[in-house]
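Student: Dropping the structure in here first, questions after.
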Amino acid sequence: MCSILAKVAKPASVAALAIAALAVAPAAGAAPETGATITAADINPAAGTFTTLSDGDLAIQGAGDGTPAGAVQWFKNHMGSTAYQGLCEKAVENAYGTTGVWASANAHWNGASPKHTTGTPPKGSFVYWNISQWGHVGIADGSGGIYASSIGGKIGHASSVHYFNNYRGWTPAAVPHR
């Protein structure tokens, strides 16, 4: 009896994993964010300071736990990483323990609500800029600054949401979903 159950259970679990992978994959025809670049014209260094860490100082850990504090910690753990250049939406989703929800930062901004264009974004909130055809998104630190990719060419921290030009605003902290 046990051997029959084992022969059935393993293929069923593999099938379930395959179905789950398809459920989180980007929609067919969705524009990938790969290759999105942030140029010097998109950055406003006068808005504040920024920090990154060298590759040797990285303490890479797993995805966030689905909380605002976990999302901020995910970015702290990935400070200095270049693995998410051109993949800002993937970074913020990974920070919340998910991936493949939105095709780009612009799609996330357009689909998320409520939108706020003033005030200090609370810790873990999504912060958006309209700086390319894909947009840009980061995570608020709760003190007026942000964690994002493309800060000094890496995942880093900026002391102001205005580090990048064309600030759009923010949406509340939450595990990304449609």
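Student: So in region 108-136, with the set limited to residues that are touching an Asp or Glu at 6+ places or on another chain (Cβ under 8 Å) and in contact (Cβ under 8 Å) with a residue 60 or more places away in the chain, which one is surrounded by the fewest Cβ atoms within 10 Å (Cβ to Cβ)?
Tutor: Going through the qualifying residues, I end up with 132.
Student: Next question, about the same structure. Return yes or no: is residue 145 over 14 Å from the mean Cα position of the chain (by Cα) and surrounded by 15 or more Cβ atoms within 10 Å (Cβ to Cβ)? Walk me through it before giving the result.
Tutor: Values: over 14 Å from the mean Cα position of the chain (by Cα): yes; surrounded by 15 or more Cβ atoms within 10 Å (Cβ to Cβ): yes.
Taking the combined requirement at face value, the residue satisfies it.
Student: If you check 72, 92, which single one turns out to be outside any loop (DSSP other than H, G, I, E, B), within 11 Å of the chain's Cα centre (by Cα) and within 16 Å of residue 178 (Cβ to Cβ)? Please lay out each step first, then the result.
Tutor: Values: 72 fails: within 16 Å of residue 178 (Cβ to Cβ).
Among 72, 92, only 92 is outside any loop (DSSP other than H, G, I, E, B), within 11 Å of the chain's Cα centre (by Cα) and within 16 Å of residue 178 (Cβ to Cβ).
Student: Please go through region 151-178 and give me each residue that is within 12 Å of the chain's Cα centre (by Cα) and assigned to a strand (DSSP E or B), ordered by number.
Tutor: The answer is 155, and nothing else.
Student: Identify all residues within region 95-137 that are touching a strand residue (DSSP E or B) at 6+ places or on another chain (Cβ under 9 Å), over 24 Å from residue 78 (Cα atoms) and not in a loop (DSSP other than H, G, I, E, B); write none if there are none.
Tutor: Correct list: 116 only.
Student: Also, quick follow-up: For the condition in contact (Cβ under 8 Å) with a residue 12 or more places away in the chain, touching a Cys at 6+ places or on another chain (Cβ under 7 Å) and crowded, with 16+ Cβ neighbours inside 10 Å, what is the one hit in 105, 91? If you could, list the steps in order and put the result at the bottom.
Tutor: On the way: 91 fails: touching a Cys at 6+ places or on another chain (Cβ under 7 Å).
Checking each option against the conditions leaves just 105.
Student: What's the total number of residues in region 51-71 that are in contact with a strand residue (DSSP E or B) (Cβ under 6 Å, 6 or more places away or on another chain) and at pLDDT 90 or above?
Tutor: Applying the first criterion (in contact with a strand residue (DSSP E or B) (Cβ under 6 Å, 6 or more places away or on another chain)) to region 51-71 yields 51-52, 71.
So of that shortlist, the ones also at pLDDT 90 or above come out as 71.
So the count comes out to 1.
The values are calculated or read from the model by the stated rules, or taken from the named source; none is laboratory data. Remember, predicted model here, so these are calculated numbers, not experimental data. Glycine gets a Cβ as well: all are built from the backbone with ideal geometry, and neighbour counts include every protein chain shown.
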